[in-house]
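Note sheet for the following structure.
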Amino acid sequence: MNNANKQATARKKLTVFLLSFTLLGSMIAMSGPVPVKAFADEQVSDAEQLEPTEISIPIETDINAELNASPSAGASEADVQAFAAAAGSHDANFSPETLQFLKANTGLDGEQWDNIMKLVNKPEQDDLNWTKYYGYCEDIGDDRGYTIGIFGATTGGPNDEGPDGPELFKEYDRAKGASNPSVEGALKRLGINGKMKNGILVISDSESKFVKKINSLQNDAAWREAMWRTFYNVYIKYSVEQAKKRGFTSALTIGSFVDTALNQGATGDSGSLQGILSRSGSSKDEKTFMTKFYAERTKIVDTNDYNQPPNGKNRVKQWSTLLNMGETDLKNADAAIQKVTDWELK
């Protein structure tokens, strides 16, 4: 507002005050404080409390590609608040079938799973717009073969002799209606040349051809369904079971376990979710248990090619910071998610 407008407004306010002192006083007395959401020692503006707008978008639409880009690292508080206020509907990032499946099997809704996936995708892709990665495929040179999709399914290699990629292709064949789903059936449907060998999916096509085939599945509804079913069968189911076994049902704890499982393996050696849980104590207090869990995971998260240092420690810090902020349900947490993911991937 320019100075002339400010002065005119001031004169109007003065006139109203002099003529209507009693009425104005009553209005002021009746006015109450504006409620705000607080976490830690900070107060967050009302803009962060806006409920996501419910919209209906077909599964083929890449909703996050339509959203405004996330604020970059070092963004101002105003940028963070604006991002939170502009956040789209969380449910629109899932098909109705996937939402129903996740709610029934994990107890968490679309908003909670959307926030979990943002926290997962930051250290994986340096991007909160996780739905862009259903068709992701790349050989990242970690001796695990090709890395595929939103949870990084692998085809297998010297560093991964029990890959989850084959299960993904089998689930795709099932989603496409196969009566006897198989990896080979899925490869045939997709026109991909490859075969299973000692538990590893060996692709004989050129890298560029295979990557292009997977990229083309980005908006394939059956591929997305297969992705979530595999994700659940291999990582989410075990994570939810382990949380409930300890009497924990919060979205933050379940998400923390899922992130550990997909990054370091659900079961197996000492670095897996199973291994870390065995060293995290037996406290029935969720915050006490998870504080120990994060400490144990931090010790090994940057080893064994799990993450490139210091990305692993920052990965764990996202979750532990949310715990300390009291954001355990991951509801109305857009601004909090943006804050904890505001770090630079190395």
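Dipole of region 128-189 computed with +1 at Lys/Arg Cβ and -1 at Asp/Glu Cβ about the Cα centre; of L128, F169, S179, farthest Cα towards the positive end is S179. Need the C-alpha centroid separation for region 291-346 versus region 109-124, integer Å. Distance between centres, Cα-based: 12 Å. Placing a pseudo-label 7 Å from each Cα along the Cα-to-Cβ vector at R279 and S179 gives an inter-label distance of 5.1 nm.
Pairs exceeding a 21 Å alpha-carbon distance, out of K292/K313; K122/K197; K103/K299; K103/K213: K122/K197; K103/K299; K103/K213.
For F101 and E344, a Förster radius of 35 Å and the Cβ-Cβ distance give a FRET efficiency of 0.50, rounded to the nearest 0.05.
Measuring only protein heavy atoms, the 1.4 Å probe finds K195 accessible over about 130 Å². Karplus-based coupling profile of region 128-135, in residue order and whole Hz: 7, 7, 5, 5, 6, 10, 5, x, with θ = phi - 60° in 6.51 cos²θ - 1.76 cosθ + 1.60 and x standing for Gly or Pro. Across region 303-311, rounded Karplus estimates of 3J(HN,Hα) from the backbone phi angles (6.51 cos²θ - 1.76 cosθ + 1.60, θ = phi - 60°) give 10, 6, 6, 5, 8, 8, x, x, 4 Hz, Gly and Pro being marked x.
The values are calculated or read from the model by the stated rules, or taken from the named source; none is laboratory data. Quick caveat: nothing in here was measured; it's all calculated off a predicted structure. Virtual Cβ from ideal backbone geometry, glycine too; neighbours counted across all protein chains shown. Side chains included, ligands, DNA and RNA excluded: accessible areas come from the protein's heavy atoms. Shrake-Rupley method; radii C 1.70, N 1.55, O 1.52, S 1.80 Å.
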